[in-house]
Amino acid sequence: MVDKADTDVPELLPVLVDAVLPLLKPYEFSLYLLLLRASEFRGGEIRIGKRTISARLGQGTRASRGNYNHITEKLNVLAEAGFIAVGDTSREGTQYRVLLPEAIPAVREVIATSEPPEQEPDYFTDPVLRAELMERDKWTCRYCGEVVTATTATLDHIIPQSLGGPNTPENLTTACLTCNAIKSGRTYEEAAPEILGALVRRKATTS
Ligand SMILES: [Zn+2]
């Protein structure tokens with residue numbers, strides 16, 4: 001018997017739902033859960049009779065006469081799929097070795113082939129993507145038209161982050177430090193008077 005005393009049920013749950021559930025029919029899944037429960041969720045050897053299984057899982061849609069056969073059939077499915085190994089039978093029931101999901105090749109295969117969730121590219125934090133957007137905007141501030149450089153360019157959230165604006169190309173625009181600082185956390189409509197005021201003052205001092 002493998003010592004699996006450190007296996008936590010909460011850690012087991014996602015594997016059971018994501019990788020085991022798709023592999024088994026509902027009754028088989030219930031049966032596997034029952035056996036896993038009998039092994040204290042640690043895998044290992046247990047002895048249990050079909051009478052106990054029947055009593056705990058109910059009779060499903062089958063007539064009670066065929067119920068033990070149904071259980072046997074489903075235990076065989078689990079054994080063939082590598083979820084359990086069936087041992088000897090005594091008066092106390094049949095010995096089973098219940099494997100933890102991670103020890104079952106078919107389950108490991110599901111886990112290995114399941115795609116990691118697609119990560120949205122983050123145009124605000126990725127330096128390469130940031131530069132792409134500045135290139136797209138021709139290194140020009142959207143709000144005042146000032147030409148910016150790699151050191152003075154910023155990216156402004158058109159819909160502010162505080163309002164749920166995402167880090168997507170559509171919601172990010174090149175802005176100069178001044179306009180970005182003025183607009184900070186607001187929409188352009190809200191900040192426009194100040195942005196335009198600052199622009200007029202700058203034009204006045206440079207001409
Ligand atoms: Zn500007």
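The values are calculated or read from the model by the stated rules, or taken from the named source; none is laboratory data. Nothing here was measured: the structure is a model prediction, and the numbers come from that model. Quick reminder, even Gly has a Cβ in these numbers, built from the backbone with ideal geometry, and neighbours come from all protein chains shown.
For the stretch 161-179, residues that are more than 19 Å from Leu129 (Cα to Cα) and more than 9 Å from the ligand (Cβ to nearest atom) total 3. Return yes or no: is Ile53 at pLDDT 90 or above, closer than 18 Å to Val98 by Cβ and among the hydrophobic types (A, V, I, L, M, F, W, C)? No.
Cβ separations smaller than 8 Å between residues 6+ apart or across chains give the following pairs from the stretch 86-108 residues that are touching a residue at least 60 places away in the same chain (Cβ under 8 Å) and surrounded by 15 or more Cβ atoms within 10 Å (Cβ to Cβ) to residues that are in a loop (DSSP other than H, G, I, E, B) and of a type in the set (Lys, Arg): Leu100/Lys4; Leu100/Arg42. Scanning the stretch 143-153 for residues that are within 9 Å of the ligand (Cβ to nearest atom) and either of a type in the set (A, V, I, L, M, F, W, C) or buried (at least 16 other Cβ atoms within 10 Å of the Cβ) (or both) gives Tyr143, Cys144, Glu146, Val148. Can you work out which of the residues in the stretch 104-142 that are assigned to a loop (DSSP other than H, G, I, E, B) and hydroxyl-bearing (Ser, Thr, Tyr) is farthest from the ligand (Cβ to nearest atom)? Among those residues, the one meeting the criterion is Ser114. For the stretch 160-207, the set of residues classified as in contact with a Pro (Cβ under 7 Å, 6 or more places away or on another chain) and either surrounded by 14 or more Cβ atoms within 10 Å (Cβ to Cβ) or not assigned by TED's automatic domain parsing to the domain that holds Thr140 (or both) consists of Arg186, Thr187, listed by residue number.
Considering only the stretch 131-139, I want to know if a residue exists there that is surrounded by 15 or more Cβ atoms within 10 Å (Cβ to Cβ) and in the same structural domain as Arg42 (by TED's automatic domain parsing). Looking for residues that are surrounded by 15 or more Cβ atoms within 10 Å (Cβ to Cβ) and in the same structural domain as Arg42 (by TED's automatic domain parsing), one finds none in the stretch 131-139, hence no.
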